[in-house]
Each structure stands twice: as C-alpha cells, then as structure tokens.
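To start, the structure under review is shown below, and the notes come after it.
The values are calculated or read from the model by the stated rules, or taken from the named source; none is laboratory data. Predicted model, so just to flag it, every value in this text is computed and none were measured. Here the Cβ positions follow ideal geometry from the backbone for every residue, glycine too, while neighbour counts run over all protein chains shown.
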Amino acid sequence: MAKDKKSRTPLPEPLLIDERELGMDASSIVADIRRHFNHTLGCDKHSISAHHLYEALVIALRDRLMERWKSTHYSYQDEECKRTQYLSLEFLMGRSLGNTLLNLGIREEVEKAVSTLGLELEKMMEVERDAGLGNGGLGRLAACFLDSCATLQLPVMGHCIRYEYGIFRQEIDAQGEQVEKPDHWLACGNPWELERTEFIQRIRFRGRVERIGDGDKGFQMRWVDTDDVLAVPYDIPIPGYLNGTVNTLRVWKAVAVEEFDLTQFNAGSYVEAVAGRMHAENISKVLYPNDASESGKELRLRQQYFLTSAALQDVMRRWLRDQGEDFSPFAEKNCFQLNDTHPAVAVAELMRLLMDRQGMGWDQAWAITIRCMAYTNHTLLPEALERWPVRTFRELLPRILDIIFEINARFLSQVASRWPGDTERQSRMSIIEEGMDPQVRMAHLAIVGSFSVNGVAALHTKLLKEGLFKDFYDLWPEKFNNKTNGVTPRRFLALANPGLSELLTETLGVGWEVDLTKLKDLRPKTKDKTFVRKWQEVKRRNKVHLAKMMASCCGVKFNPDAMFDVQVKRIHEYKRQLLNVLHVIHLYDRIKRGDTNDWTPRCVFIGGKAAPGYWLAKRIIKFINNVAKVINEDPAVGDRLKVAFIPNYRVSAMEIIAPGTDLSSQISTAGKEASGTGNMKFMMNGAVTIGTLDGANVEILEEVGKENFFLFGLTEAEVATKRKPYDPERIIHEDEDLSRVIQLIDSAHFNQFEPGAFDALIGSMRSPGDPWMTLADFRSFIDAQQRAAEAFRDQDRWTKMSIINAACCARFSSDRTIADYNRDIWKLKPVVPKLSDQTA
Ligand SMILES: *Cc1c(COP(=O)(O)O)cnc(C)c1O
C-alpha cells in the first residue's frame, strides 16, 4: 500500500459476512418476510397494512440484493478497474419490485412464498409508488442505461438528486384541464434505499475568492466565506439480469450543515436560525417539471452544481483513499458521462478540485479533465439550450465562474489561431454569450471540456454536426459520435408483456432477454399459422388488460377488437398531438357524413404530462378531452370511434400500454425529435409505427422496411425549404377534408359553452410562422392512417407486420446502446463478481 493512502477504520472481521447465506427458495423467503414484518417493522394484528406487507417483502429482497451488491463492490475494488459515473439530473425509474424479481430470477419462488402467507403478489406490486425522478425520455433513458450496465457487468454508477417530490401527479378536472398534484413519493419511506452518512460531502455556494501564496511557487485560489450545504448519499441497488452483479444509483439529499448561524443564535433568533435550514434543504425538494425547455431559475442551477460537486467529490474521496495523492492515472480510471448539459458544470468543478484541493497547475488539471468528460446532447430545440446569466454564476459560484472564464480565454485563443481574424466565429463559439446580460452557454462548456460529444440517433447527430454544433465539428471532428438510444428489454418486454415473453421463450428458447438478435428467428414464423394465432391471442389479452385500465381510469369503454391507436409522451407542440386530434376529428366528420364503408373501428388513446407553465400544451390537453367528450357521447358514432385521454402517464402505465397497442404514433415534425424511445418500447411489443422520418424512427424504418411502417410527412430537408414561404391558409383551401375539420373546430363544435377556448390552438396552426408545420403534414398523415386502417382489416396481414416489428427490434435494446458507449467512449472491462456460489 502506498504510504500516502488514507487507511480505513479497522473493522472486527467476525462481524462481516463474506458469503451468500440467504436462501432463494420459497420457505427461506417466507421466513424472512415474517421476520421483517414482525420484528424489523414491528407490525402486529392491529397494524397490518398493505404497505407494511409490501415493505416486509422488499426488505427480504433487499437482503438478498445486499449480498450480491457487496460482492460486486469488492470485485470492482479488487480489480482496480476503470469506472464510469453517469451524471444525470433525472432518473425515471418507475417501480422496482417486479424488475428485482425478474433480474434475480426468483419470481416463481416469491409467488409461492407470498401465496403461502395468503397474499397476492400482483396486489403487493401495485402498492409501490413510481420513482418519478424524471420528466420523460431523457430520465427514462438514464434508467434503462443502468439496467443495461448492470446486465453487461460494467462498473457504472448513476448519480442523481433525491428529490422529495418527483414529477407531479396529473389529474384531469371536470373542464378537461390538467391539474398538478404534488408527488410526495417518500411519504411512506423508500425501503429500497440505504442511507450512507459515512460518505457525506460538503457543497459550497456564494462567498468570495481569495488568492494565497506568493508568486514564487505559484499561487493558489481559495473559495472562502461560503454558505455550505451537506450532500447526503442514499444508495439504490441496480441488479443485472441473472448475473450476480448489483450496481448502484446514488441519490443525493441536501441537508443543512449542523452548526447554526451563531450571530442569529446570539441575537436570540434561535427559531429563525433553525428555520434557516430550509433554504439549504430546498435544493433537493422538487424536480423541475420541464421537458425540453430550460427553467432559468436560480434554484435549478443550485441543484445542478449540488449534484455535480457531490458526485465529483465522492469520486475524489475514493481516489484518495485507494490511490493516494497521485492523480496522474486518474483519467485512465475515470469517466464522467454528462446526460445533457444539466451537469455540464462538472468541467469547471473537476478543474477546481484538482487545482484548489490537490494543488495541481492549470495544464495538468486540464489534461485530466478533458480526458474524463463525455457529453450527450439530447435536443436541437433552441428553447432547451441551457444558458445561465453570468451574474447568477458570480453570486452563486464565484470560483467556478473564474474557472469558466479562464477555460474560455484559452479556448478562444485556440480558435483565433486556427481561424485568424474570424472574430465572428470567436463570438459564435465563445462559452460566454456577450450582450446586455452576458450568459454562460452550458453546451459550449460541455463540448470544450469533453473528449466525446454524442447525439442520440443517426439523424440527430448528423443535424448536430451540420447545424447547431457545426463550428465545433469543424474544429474537433474527432470528438463527435452517434449513440442511438435504446430501451431495456427486461422491463419493457420480459416484465411488461409476460404473455409474449412466454411465447418467445417457447419459440426461441431462453436467453433472448439479453440477446434480442434472437428475435430475428421470428421472421419465418409469420408463415406458421399456429404461431400467428398464438401471437394474436397474446395481443388480444393485452388489449383486454389495457381496456380494463382505461375503463377504471377514465370511464371510457374500449372494444378490444378495434384498432388501438396510441400516442403517449410529454405534451409538446413539436410532438404534434394536435395533428393526431385533427385526424380524429376527420374520422368523426366522415362518420357524421356517412362515409363509413369498410370502416375500421378505432380507439384512440392520447396521454402525457404538460409542463405546468406551458400554457399551449395544457390547452392541447383540454382540446383532446373536449373532442373526446363530444365523440364518445355521440350515439351516431357508436363503436366506430372512441377517444380518451389517459391521465398521469408514467413508467408503470407504459408497462400496460405498450403491450396492448396496435398502432404507435410517432408523428413529430421531422428534425425536432432527437431520438424518441417510446417508439422503441412499442415496436418491441409488436406495435406498428405510423411516423415521420424523425429521430430513431428513421432507423426503425431501416430495420422493418417500408411495408411494415406507415411513413408520412415532410422530411427534415423539406421542412427547411418549405418553411419559406409557408402558407397554411392555402393548404386549408386546397384540401376539402382539412377545410371541414378546421370549420368544425372554428364553429365551436367542441367548445359550445366555452367561446374562444381553442382560438389559440387554431391560430398557432394557421400561422405562416408555425414552426411545427402541422397542417403541411395533414394530407399525408390522413392517407397513411387510411393505409393503416386498411391493413388492420386484414388481421393476418397486420399480425405479420406486428411480428416483423418485434423481430427487428434488436438495434433498439439499450444493451446495444451501452455496448456502443463502452466500445467508443468508456472502454470499461466487464467485471464478473467473485463469490463462492456463482448463481444469480
Ligand atoms: C419512454 C417514456 C418516455 C419517452 O417517450 P417518447 O415517446 O420517446 O417521448 C416518456 N415518459 C415515459 C413515462 C416513458 O416511459
């Protein structure tokens, strides 16, 4: 051991368990559930609640995870392997119980155990609240990545904030409007997590910067008189699939420093001093509910720095303990993947820690930083690009701002020497945007400080290189790479769709859960009549299940023989839920005018949350609800068309929705959706996509072929040229179906007692400045929907398309995505945990 390594507190060895000793059989599990219920939780016959039963089961499982967790951790330590920290302000985890049972391979034994105790596993699983620490796709991607990293046995740890309130619960009021209810998901505690007070970190804010030392041996900067907050880590186990690996998601809670403000204390303001703790603890109070737009609030910047600094200091702590003061091999052993620019301040924070804490000079610190950081871009939408006012930075993080200025000065001189005299380029590329109120461009900071910059689908990466980041691509083409998103087949296929999983195992044998290329062998099965019947039966059962959920959550009755046409995702203009509603109104119009020959009955589901401050998105929700009400109550429509808004769309709802879907709507304006991952979950479950050439739709189409995808709409290039000039009035005038639809909306048919309620929506679509060009794609969308309706009437043809979609989904497994990240960016070695007993 190197002499400067920090030694650990010696532990009495006999205390430790080094081997697995907990049985994975039903009777051991029964005994543990009983023990935890009675002893750990102290329940008695007067205090039996569903939650206690759930908790006792979770603790019994957590004990079993704990053994594997420790051996995974020991193996990582022993191998001194390189590790990646995945930094993300969001992890949309959903529920953990079902996933844990699946990945530990003990579902059957637990089912047995639970029924011995007279309980029902399904009901116990319903007790769990979704961990909603994310908004949508970006947060769910992080969650899928953790599952894949553990399954591929890669030493990757996730870091997030332990928000006390996750994404709000969405209710729909009598007027059809979204109402946000706080999601106090920790109210009954979280039995999965483990508080690790031994790893608390101190995070600094405000204060001022001081120069110490003389010019001789150089000088150092000190950040003093700061307002500090403690970051307390909680660890959540992330089991791999049947492989003995358990990785960690570390979520950080903000806690006031213990000491009180003495001046206040002496002035007799004891209560105020204690109450002042609130300010610090607000940092981890609530997740910002904006998807694809920045909040611009100071508290958000505090959250970003809090998470980033906690994670980096945590890695430094472990480095000092295990490796000592020598940081020269640090970059060979560490990588930080930045999930969007939210944690981009990591670039400056690592510089600060290396210089101010470790006494390193600039060049040495920069050489390390630039070899550790990797940045993933998630959007091209300008409203989502994060910029923080320099003055906010100066107030809140003065030392960090100094470092950013220095990074920028050195960077700009590099730009100047590459393109002498091109001052316009310099100001375009600068990390600081000059102006009345100068801003820090977080994306520029992330690119300058990283060795890798990736987009999340082929089209998106191409657009990054050609557009948004073109200047940077010209300078550093080697930094840019694509990593098309994926989703985990464990949660979204094996767990969500047990009927299909059973059929897959029966047909393909075991192992498809970790190798979706095996699903290729389904292709020839489209000719096998018995197999086709079985596939149809599975889909039908899933539709009955989904219809049941819909009946209970919004009281609309769906006929499982109708086509289930689904669009669930955050509500945003670019995702064009409005285009979907225009089609619904067109179908309604056809029914009303008697154009119903060869009709395909259809149930249209739309769901998703709108950011609370995004007025137009909330209007879209009301519009959907108003339209649904008129259509569903019209006796002339009957079973031909039903429409419903699914309230509170979330991960656990998606697990029921995707398996029961026939047609998946992925209809964003081309060039606007970076990748999409909902599209992949549906495809995996045998839904056919109706979609534009956007994000990963392009790659889905490549895999399944034109015959198995309903393609429509302008391409990204066409959107760009058609924009000037764009004349929606002419489009309306030249399309009779569209004229009738607009006329119906204009006549207040869907808002008879609410005059003008949808004027803003109509206005946005009719504006020549409509960035989403909704009306430009109307005709092409209606035609594609008609093709889909015709295909659906031939059930055997449809089933063939469904099977082929599932058969071609391998490229969209997050295992493939993570293998790509690892091959090109992280370069980690898989580590098989050592343990005497090598079963899962
Ligand atoms: C997958 C998923 C998303 C992302 O959906 P997109 O269609 O890609 O926007 C959002 N929210 C939840 C709950 C999801 O499961």
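Checking Gln358 against (1) touching a Cys at 6+ places or on another chain (Cβ under 7 Å); (2) farther than 26 Å from Tyr74 by Cα, only one condition comes out false. Which one?
The failed condition is (1).
With the condition being touching a residue at least 12 places away in the same chain (Cβ under 8 Å) and among the hydroxyl-bearing types (Ser, Thr, Tyr), I'd like the helices (runs of 4 or more DSSP H) fully within region 386-477 carrying at least 1 qualifying residues.
Values: elements: 390-396, 398-418, 423-429, 442-448, 458-466, 470-475.
Of the helices (runs of 4 or more DSSP H) lying wholly inside region 386-477, those with at least 1 residues that are touching a residue at least 12 places away in the same chain (Cβ under 8 Å) and among the hydroxyl-bearing types (Ser, Thr, Tyr) span 390-396, 458-466.
Going by the conditions given, is Asn626 out of contact with any Lys or Arg (no Cβ under 8 Å at 6 or more places or on another chain), surrounded by fewer than 24 Cβ atoms within 10 Å (Cβ to Cβ) and not in a strand (DSSP E or B)?
Working: out of contact with any Lys or Arg (no Cβ under 8 Å at 6 or more places or on another chain): yes; surrounded by fewer than 24 Cβ atoms within 10 Å (Cβ to Cβ): yes; not in a strand (DSSP E or B): yes.
Yes.
Select the helices (runs of 4 or more DSSP H) contained entirely in region 228-331, then report the ones holding at least 2 residues which are at pLDDT below 95 and more than 28 Å from the chain's Cα centre (by Cα).
Numbers: elements: 262-266, 270-275, 277-281, 298-322.
So the answer is 262-266, 270-275, 277-281.
In region 508-543, how many residues are without any contact (Cβ under 8 Å) to a residue 24 or more places away in the chain and of a type in the set (Val, Ile, Thr)?
So the answer is 2.
Looking at the structure I just gave you, is Phe605 within 16 Å of the ligand (Cβ to nearest atom) and either assigned to a loop (DSSP other than H, G, I, E, B) or under 29 Å from Thr379 (Cα atoms) (or both)?
Numbers: within 16 Å of the ligand (Cβ to nearest atom): yes; either assigned to a loop (DSSP other than H, G, I, E, B) or under 29 Å from Thr379 (Cα atoms) (or both): yes.
So Phe605 fits the description; yes.
Take the residues in region 289-331 that are among the basic types (Lys, Arg) and without any contact (Cβ under 8 Å) to a residue 12 or more places away in the chain, then tell me which one is nearest to Ala446 (Cα to Cα).
Taking region 289-331 first, the residues among the basic types (Lys, Arg) are 297, 300, 302, 317-318, 321.
Imposing the further condition that a residue be without any contact (Cβ under 8 Å) to a residue 12 or more places away in the chain reduces the set to 297, 318.
Numbers: Lys297: 20, Arg318: 24 Å.
Selected residue: Lys297.
If only one of Arg202, Arg129, Arg196 is surrounded by fewer than 20 Cβ atoms within 10 Å (Cβ to Cβ) and within 16 Å of the ligand (Cβ to nearest atom), which one is it? Show your work before the answer.
Values: Arg202 fails: within 16 Å of the ligand (Cβ to nearest atom); Arg196 fails: within 16 Å of the ligand (Cβ to nearest atom).
Exactly one of Arg202, Arg129, Arg196 is surrounded by fewer than 20 Cβ atoms within 10 Å (Cβ to Cβ) and within 16 Å of the ligand (Cβ to nearest atom), namely Arg129.
With respect to the numbered conditions (1) surrounded by 16 or more Cβ atoms within 10 Å (Cβ to Cβ); (2) under 25 Å from Phe492 (Cα atoms); (3) without any contact (Cβ under 8 Å) to a residue 40 or more places away in the chain, which one is the sole condition not fulfilled by Arg823?
Among (1) surrounded by 16 or more Cβ atoms within 10 Å (Cβ to Cβ); (2) under 25 Å from Phe492 (Cα atoms); (3) without any contact (Cβ under 8 Å) to a residue 40 or more places away in the chain, the lone unmet condition for Arg823 is (1).
Considering each residue of region 686-699, count those that are under 13 Å from Ser813 (Cβ atoms) and more than 9 Å from the ligand (Cβ to nearest atom), and give that number.
As a first pass, look at region 686-699 and keep what is under 13 Å from Ser813 (Cβ atoms): 696, 699.
From what is left, the residues that are more than 9 Å from the ligand (Cβ to nearest atom) are 699.
Going through region 686-699 one residue at a time, the tally reaches 1.
Examine region 97-109 for a residue that is farther than 22 Å from Val651 by Cα, free of Cβ contacts under 8 Å to residues at least 12 places away in the same chain and either outside any helix (DSSP H, G or I) or small (Gly, Ala, Ser) (or both), and state whether such a residue exists.
no
Of the numbered conditions (1) within 20 Å of the chain's Cα centre (by Cα); (2) surrounded by 19 or more Cβ atoms within 10 Å (Cβ to Cβ), Pro182 satisfies every one except a single condition; which is it?
Condition not satisfied by Pro182: (2).
Any idea which residue in region 571-602 is farthest from the ligand (Cβ to nearest atom), counting only those that are part of a loop (DSSP other than H, G, I, E, B) and crowded, with 23+ Cβ neighbours inside 10 Å? Step through it out loud before you land on a result.
The initial filter retains those residues of region 571-602 that are part of a loop (DSSP other than H, G, I, E, B), namely 571-572, 576, 593-601.
Filter again for crowded, with 23+ Cβ neighbours inside 10 Å, leaving 571-572, 576.
Numbers: Ile571: 10, His572: 9, Arg576: 12 Å.
In this case the residue turns out to be Arg576.
Among the numbered criteria (1) touching a residue at least 40 places away in the same chain (Cβ under 8 Å); (2) under 34 Å from the mean Cα position of the chain (by Cα), which one does His36 miss?
Tallying (1) touching a residue at least 40 places away in the same chain (Cβ under 8 Å); (2) under 34 Å from the mean Cα position of the chain (by Cα), His36 fails exactly one: (1).
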